[in-house]
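Following: one structure in structure tokens, then a few remarks.
The values are calculated or read from the model by the stated rules, or taken from the named source; none is laboratory data. What you are looking at is a predicted structure, and each value in this text was computed from that prediction instead of being measured. When we count neighbours, we look across all protein chains shown, and the Cβ atoms used for this are built from the backbone with ideal geometry, even at glycine.
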Amino acid sequence: MLYMIRMANATSNVTFLPSYGQVKDNEVPTKGLMGKLVEDAIEVGGSPLVMFPVRMKYFEYTNFYMPYSGVIVFRAPPLSYEHNVFTLPFPASLWGVSGIMMLLCTALLAAVLHSAETLTKGAVRQDNALHASSDALLIAVASVCQQGYSVEVRSVPGRTVLLMMLMLLLLLYTCYSASIVVFMQSTGTKVAHYRDLLTSQMAFGINDIPHVVFYFPTLTDPIRRALWKDKILDKGRNRHVYNVSEGIRKVRTEYFAFYGIEHYVFGTISRTWTEEDKCGLVIMGRDFNLFQDPHVIIRRNSHNTKAFKIMMRRMVERGIWHRSKSKYTFARPTCTNKKAVFNSVSLTDVRAAFSMLLFLMSGSLVLLVAEVAWHRITVGWRSHI
């Protein structure tokens, strides 16, 4: 606006107002910037306004606009938030083949142990097969769990089978461990559209500027209304409406998505985030915009309307508008140090492992109780006999 005033060689009388004002139920606006324009107290509005048909009968829009698109930003969540990473390294077919190979090695080892015991003792006992099978099973379980075993395999064929089993497990563990590290450093891709925010565990908030807060509840799109009720209002429990600084801080530190004006959001990220924080930043929602770019407004039936429009067009033709746009807007943040970023493992990443550990510990306690109960029952029977 200052450029336009200089071009017109005019003197400005700037009036600062606390709000834009509102047009409700076709009532004439009396407050804010809109009210001043309707009262003919000012000629031109210094802050652009979003174009709505209900407003056009109170003041006039120009073709001079400001880029004001909104974006949704969030940090891509770890892959463990969407999948159990411990099942991803190998496909189901490989897990099945590995299990079959372990069963074959266990059966072969049981046969070798049985034949070795038979040859060394020179006679076949009734429990030779049972002892050989149990010993082979214990060796296989101990090898899979990377634990020691008390059974000693002395024969050359038995040691050959055991070596083959250990080499198979070594190769499996090496490939599995390398894949787990890669998956734990990977990010999820399920949240690719604002529709996916509804079904994800990610919290969602909006910028507390009048354009967003006022027009969001008036939307009729079912997905956006569901986002307003279920995510932003949190079903009546909370109200996730924040200023840009607070919203971007929550994006950096929490599992949180934030909707705000593009250059405000990008500017805050550029000032407050490190290069490592920018890696994994996801920007989407340009199709989520609640409104078009706002335009500069002037008083209706003003005798300066034509002069204002000519000066605004000259500002665009002479590059003043493009210079101001590049000066006061910020480009999309980019990650320039992605190779140096290594995310530490959190409890969420190993949730499946802890769940399995708790399940097995619970199973061992159940077996312990069952063994104690069985022991007391058998002792009672023997005492009666």
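Observations
- Selection from the stretch 41-52 of residues that are more than 38 Å from the chain's Cα centre (by Cα) and not charged (D, E, K, R): ALA41, ILE42, VAL44, GLY45, GLY46
- Residue check for TYR58: surrounded by 15 or more Cβ atoms within 10 Å (Cβ to Cβ), hydroxyl-bearing (Ser, Thr, Tyr) and touching a helix residue (DSSP H, G or I) at 6+ places or on another chain (Cβ under 9 Å): yes
- The single condition from (1) buried (at least 18 other Cβ atoms within 10 Å of the Cβ); (2) modelled with pLDDT of 85 or more that VAL191 fails is (2).
- When restricted to residues that are touching a Leu at 6+ places or on another chain (Cβ under 8 Å) and either closer than 25 Å to HIS263 by Cβ or in the same structural domain as VAL50 (by the TED database) (or both), the stretch 189-223 contains 9.
- Output for the stretch 11-40, where each listed residue is farther than 18 Å from PHE59 by Cα and surrounded by 13 or more Cβ atoms within 10 Å (Cβ to Cβ): SER12
- SER80 farther than 18 Å from LEU166 by Cα and either buried (at least 20 other Cβ atoms within 10 Å of the Cβ) or free of Cβ contacts under 8 Å to residues at least 24 places away in the same chain (or both): yes
- Pairs meeting the criteria (first residue in the stretch 5-24 and touching a residue at least 24 places away in the same chain (Cβ under 8 Å), second residue among the hydrophobic types (A, V, I, L, M, F, W, C) and loosely packed, with under 14 Cβ neighbours inside 10 Å, beta carbons under 6 Å, at least 6 apart or on different chains) are VAL23/VAL54.
- Odd one out for LYS229, checked against (1) in contact (Cβ under 8 Å) with a residue 24 or more places away in the chain; (2) in contact with a Gly (Cβ under 9 Å, 6 or more places away or on another chain): (1)
- SER93 passes every criterion in (1) at pLDDT below 80; (2) assigned to a helix (DSSP H, G or I) apart from (1).
- Taking every residue in the stretch 41-55 that is in the same structural domain as LYS31 (by the TED database) and loosely packed, with under 15 Cβ neighbours inside 10 Å and pairing it with any residue that is at pLDDT 80 or above and part of a helix (DSSP H, G or I), at least 6 positions away or on another chain, the pairs with Cβ-Cβ distances below 7 Å are SER47/LEU33.
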